[in-house]
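Trainee: Attaching a single structure in structure tokens format; questions to follow.
Derivation of every value follows stated rules applied to the coordinates shown; laboratory data play no part. Bear in mind the structure is a predicted one, so any value in this text is a computation, not a measurement. Cβ sites come from the backbone with ideal geometry, for glycine too, and all protein chains shown count toward neighbours.
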Amino acid sequence: MLSHLHKSAGFVLASMCIVIFSLINCKQKEATAQSVTAKIPVTDSLMQVLTSSGQVVGTGFPAFAYRDIDGKTITSKKLSNQIVVYNFMFLGCAPCIAEKEGLKKVINQYHNAKEVEFVCFTFEPSERIFKDSSHYSGIGFRMVCLSNLEIEKLKSFCTCGYPLNIVVDKKGIIRYFKSGGADDVKEASEAIYRDLTKVINAYL
């Protein structure tokens with residue numbers, strides 16, 4: 001009888017230990033999850049979350065060598081020692097067109113700054129760029145027309161939509177990255193102007 005009581009007490013004690021251990025383990029996991037979440041601020045854009053967590057910003061922009069619509073060679077190597085604003089867009093993209101005035105304002109502000117370059121990649125044919133005034137060639141971007149496959153290969157370092165704006169410092173490191181935007185012209189233009197000027201000034 002006494003032996004039976006000892007066994008029962010041992011079983012109860014073991015069960016209590018298991019329950020306590022489980023509770024402690026759950027609390028630790030919860031605390032870890034809260035800690036990780038706190039490091040990644042909640043934003044409206046998944047790409048901004050990726051930027052905040054360091055998955056894009058701080059990495060090198062891919063090396064490339066192309067010709068712009070004027071037939072001039074443009075390479076990542078030739079753009080070294082310059083701050084470069086890369087833009088990816090196409091005509092059917094409403095947010096791309098919406099931010100155009102803001103981009104134009106940025107380009108005008110740094111028009112005389114030899115250390116700042118603006119490059120736009122698009123899969124639109126060059127003939128359409130020359131004919132369509134809504135494209136970026138008229139506001140100071142060096143336009144580079146590529147195939148859709150080439151565009152996707154160039155931006156394969158991220159899963160991103162349009163417009164895509166990237167600022168690379170003089171060492172070729174990505175310092176700003178944003179994918180997507182608002183359809184509203186005023187909102188989109190003000191946002192891109194504010195963001196780009198802040199980053200460019202920081203690395204000039």
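Trainee: So Ala113 passes all but one of these: (1) in a loop (DSSP other than H, G, I, E, B); (2) out of contact with any Asp or Glu (no Cβ under 7 Å at 6 or more places or on another chain); (3) aliphatic (A, V, I, L, M); (4) over 18 Å from Thr197 (Cα atoms). Which condition number does it fail?
Mentor: (4) is the only condition that Ala113 fails.
Trainee: Mind counting the residues in region 176-198 that are buried (at least 21 other Cβ atoms within 10 Å of the Cβ) and assigned to a helix (DSSP H, G or I)?
Mentor: Selection size over region 176-198: 4.
Trainee: Something else about it: Taking region 96-109 on its own, how many of its residues are buried (at least 21 other Cβ atoms within 10 Å of the Cβ) and not charged (D, E, K, R)?
Mentor: Number satisfying all stated conditions: 5.
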